[in-house]
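Everything on this sheet refers to the single structure shown next.
The values are calculated or read from the model by the stated rules, or taken from the named source; none is laboratory data. Worth saying up front: this structure is predicted, and the values here are computed from it rather than measured. Neighbour counts are summed over all protein chains in view; Cβ atoms, including those assigned to glycine, are modelled from backbone coordinates with ideal geometry.
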Amino acid sequence: MKRMLSIYFTFIKMHIRQQMMYRMSFFAGVVGQAFSYGVQFLMIHILTSSFGTLAGWKPEEVLFMYAFSLLSYGLGASCFYNMSTRLSGKVRTGEFDVSMTKPLSPFVFEFFGGFNAGYVTHITLSVVVLVITIQKTSFQVSVGNIALLLFLLICSAMMQGAFLLISAVPSFFTVNQNPVLDFLLWDIKKFVDYPITIYGGVIQVVLSFLLPYAFLAFYPASWLLGKENLTILPDFVQYLAPVISILFFAVTLKLWHFGLSRYQSTGS
């Protein structure tokens with residue numbers, strides 16, 4: 001394990017050095033993303049403040065939930081975005097064959113080589129907003145609650161990564177461009193930018209168990225803020241967030257490796 005971590009950090013250093021070769025481009029992207037997400041936070045604050053509360057959530061609580069979601073996405077995508085979005089192209093061109101010849105497993109090699117430092121904006125901005133909103137919500141600052149916050153963030157980041165990975169699995173079966181990624185990440189995911197309590201019961205169930213996006217931020221935030229009796233589902237569902245996240249990630253790994261077992265090189 002120690003050796004594997006050492007190799008991974010070596011890959012991270014290599015990637016950061018590559019990014020720094022084009023510093024102006026990198027920092028321009030950072031500034032652009034900071035402005036874009038800064039506006040998004042501002043719009044959420046303006047919208048929720050105009051209602052006073054949004055389905056039982058105060059403006060600062062909605063910001064807390066969105067910041068939690070963005071932070072977990074930044075953590076998950078920094079590790080899994082590149083390896084997921086580039087898989088289709090690698091399969092189509094035959095470049096993925098390189099991963100099959102390394103002493104590491106193909107998944108580990110792709111994971112090690114897929115680190116993306118560009119998500120530093122997501123992480124930094126969301127941490128700032130979290131710190132600010134924590135002081136204005138019912139979150140009780142203590143060693144135990146901070147540890148719980150970090151644990152739920154890790155679980156949510158794993159689930160964010162799992163959604164990225166699962167969207168890439170079809171690439172093993174078809175060399176055409178995969179539209180599943182946009183559908184999963186951008187279209188459906190927008191439904192959970194706000195508390196799912198603004199939707200009807202059917203959509204709440206769908207976003208909880210059929211497409212479990214609510215476990216990315218809504219249920220963890222509900223747990224951390226002590227929210228109860230908001231959805232049609234029992235309150236204990238929010239405490240399933242770590243279990244659902246870990247199971248979803250484990251199932252996704254199985255699906256990814258199942259796709260790998262069906263992989264046929266374009267050169268064969």
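Overview of values
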quantity	calculated
Subset of the range 225-242 (residues that are among the hydroxyl-bearing types (Ser, Thr, Tyr) and assigned to a loop (DSSP other than H, G, I, E, B))	THR231
Residue count for the range 84-120, restricted to those that are free of Cβ contacts under 8 Å to residues at least 24 places away in the same chain and of a type in the set (Gly, Ala, Ser)	3
Options TYR66, TYR37, TYR8, TYR81: the member that is in contact with an Asp or Glu (Cβ under 9 Å, 6 or more places away or on another chain) and either touching a residue at least 24 places away in the same chain (Cβ under 8 Å) or part of a helix (DSSP H, G or I) (or both)	TYR66
Index of the failed condition, THR48 passing every other in (1) in contact with a strand residue (DSSP E or B) (Cβ under 9 Å, 6 or more places away or on another chain); (2) under 15 Å from ILE123 (Cβ atoms); (3) not hydrophobic (A, V, I, L, M, F, W, C)	(2)
Which numbered condition THR174 misses (of (1) of a type outside the set (Asp, Glu); (2) at pLDDT below 85; (3) in a helix (DSSP H, G or I))	(3)
Qualifying residue in the range 20-41 (condition: over 30 Å from LEU230 (Cβ atoms) and basic (Lys, Arg))	yes
Verdict on ILE134 being hydrophobic (A, V, I, L, M, F, W, C) and surrounded by fewer than 20 Cβ atoms within 10 Å (Cβ to Cβ)	no
Qualifying residues in the range 191-232 (those that are more than 15 Å from the chain's Cα centre (by Cα) and within 15 Å of VAL243 (Cα to Cα)) - the one surrounded by the fewest Cβ atoms within 10 Å (Cβ to Cβ)	PHE209
Flag if GLU95 is at pLDDT 85 or above and in a helix (DSSP H, G or I)	no
Subset tally (residues that are aliphatic (A, V, I, L, M), under 22 Å from the mean Cα position of the chain (by Cα) and loosely packed, with under 14 Cβ neighbours inside 10 Å) for the range 20-54	4
Any hit, the range 79-87, residues being touching a Ser or Thr at 6+ places or on another chain (Cβ under 8 Å) and more than 30 Å from ILE232 (Cα to Cα)	yes
Tally, over the range 125-147, of residues that are free of Cβ contacts under 8 Å to residues at least 24 places away in the same chain, over 16 Å from HIS45 (Cα atoms) and in a helix (DSSP H, G or I)	4
Any pair with Cβ under 9 angstrom, 6 or more apart, that starts in the range 150-171 at a residue that is within 15 Å of LEU253 (Cα to Cα) and ends at one that is among the basic types (Lys, Arg) and in a helix (DSSP H, G or I)	PHE163/LYS189; SER171/LYS90; SER171/ARG92
